[in-house]
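Colleague: Once you've had a glance at the structure underneath, I'll fire off some questions.
The values are calculated or read from the model by the stated rules, or taken from the named source; none is laboratory data. Because the structure is predicted, anything quoted here is derived from the model rather than measured. Cβ coordinates were reconstructed from backbone atoms using ideal geometry, including for glycine residues, and neighbour counts include every protein chain displayed.
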Amino acid sequence: MTPSLVTDPAVFAALMDSARGGGQRVGLVPTMGALHSGHRSLIEAAAAACDHVAVSIFVNPLQFAENEDLDAYPRRLERDVTAAGEAGAATVFAPRAEAMYPPGFRTGVHVTGLAEVLEGAARPGHFDGVATVVTKLLSLAGRCKAFFGEKDYQQLVIVGRLVEDLALPVTVIGCPTFREADGLACSSRNAYLSGAERAAATVLYRALRSGARLIGAGEVDPGIVCDAVRAVIAAEPLVAVDYVEAVDPAMMTRPAKLDGEVRLLVAARLGRTRLIDNLGAVAARA
C-alpha cells in the first residue's frame, strides 16, 4: 500500500472525518519518524484493529531542550512513508513545525504530578512538549484509537491521563516494547551507538530482568530492587546510569513497599547517547 502523504493539518483533519463518515474505524500512530521495527509493530497493531491507519511523522521541537539532539535527530521522510505503508498505514501526516505552531501559538499542556518526575526531572519541559503536541495530534485526528509503545512508559501514562482528563474521544492503546533478538529495546537513538556501545546497551534489559526476578521471588523493598538493578549495570563500564526506579505504574512514584503491579524503569548514557527502558513486574500482595 502506498499511503497518502498529507502535510496540512486542516486537510488531515478533514481526511480523518471523511474516513469516519464512511464507516471506517480510525487508528493513529504518533511518531517522530526514523521508523524502525518498534514503530512497525505499532502500525501493524493499529491495522489489525482499525480500518484506516494514520501515522504522524513530526520531530516536535517543543520536547527538545537547547542542549538536546533536535538538529541531529534522524529525518528520512521518503523511507518512512514507504515503511509506514508496508506496515498497513493508509495516511502519513507529516506537517512542518510552522503548520503545527503558527505565529501567535502560545498554548501548552501540562500534566501535573506525572510530568515532573523521572524523565521529566531529567529533561525539564520535555513532557509539556509531548503533551502539547499529542493533544493537538489527537484533536486533529478526532475520534480514534491511538497506539503508543510501552517503551516510553512514562509518556504512555501521561497521554492516558490527559486523554481522560480532557475527555478526548480517543482510546489509548499501549503496545509491548519491541526488542531486538538480544533484548535491546528498539529506539531511533540506537543508530547513534558505536559497535561497542551497542553491545554494552544490552545490559539495560538484563538488569531490568534481574530486578523483575527479584520481585517475583518475593522482594518488596523498592530500594533493594533498584540497588540490584544498578549493580548489574555497574558491571558494564561503558554505561553510566541516570536513574533506576521501581514505581507504581499509574502514579509513577516509588511506594514504601512494592505491592501488586510494579514498573521498573532505567535511563542511562552510553557516550553521548541516552537510552531508556522499562519492564513490568508483579510483587506479592500485602
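Colleague: Among the residues of region 22-40, is any in a helix (DSSP H, G or I) and farther than 19 Å from S187 by Cα?
Modeller: No, there is no match, as no residue in region 22-40 is in a helix (DSSP H, G or I) and farther than 19 Å from S187 by Cα.
Colleague: Oh, and also: If you take the residues in region 255-286 that are within 16 Å of the chain's Cα centre (by Cα) and among the β-branched types (V, I, T), which one is surrounded by the most Cβ atoms within 10 Å (Cβ to Cβ)?
Modeller: That would be V266.
Colleague: What do you reckon, is E119 touching a Ser or Thr at 6+ places or on another chain (Cβ under 7 Å), assigned by TED's automatic domain parsing to the domain that holds F12, closer than 20 Å to D277 by Cα and touching a residue at least 60 places away in the same chain (Cβ under 8 Å)?
Modeller: In short, no.
Colleague: Yes or no: R198 closer than 22 Å to G120 by Cβ, more than 18 Å from the chain's Cα centre (by Cα), free of Cβ contacts under 8 Å to residues at least 24 places away in the same chain and surrounded by fewer than 22 Cβ atoms within 10 Å (Cβ to Cβ)?
Modeller: no
Colleague: With respect to A89, is the statement that it is part of a loop (DSSP other than H, G, I, E, B), touching a residue at least 60 places away in the same chain (Cβ under 8 Å), of a type outside the set (F, W, Y) and surrounded by fewer than 20 Cβ atoms within 10 Å (Cβ to Cβ) true?
Modeller: No; evaluated as a whole, the condition is false for this residue.
Colleague: Are any of the residues in region 226-240 more than 25 Å from R161 (Cβ to Cβ), in a loop (DSSP other than H, G, I, E, B) and touching a Gly at 6+ places or on another chain (Cβ under 9 Å)?
Modeller: yes
Yes/no matrix, rows are residues, columns are (1) part of a helix (DSSP H, G or I); (2) outside the structural domain of S56 (by TED's automatic domain parsing):
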position	(1), (2)
V109	no, no
P124	no, no
V130	yes, no
V133	yes, no
K151	yes, no
E164	yes, no
T171	no, no
E197	yes, yes
R206	yes, yes
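Colleague: Moving on. Among the listed residues E180, E164, identify the single one that is of a type in the set (D, E, K, R) and over 19 Å from D248 (Cα atoms).
Modeller: E180 is the lone residue from the list that is of a type in the set (D, E, K, R) and over 19 Å from D248 (Cα atoms).
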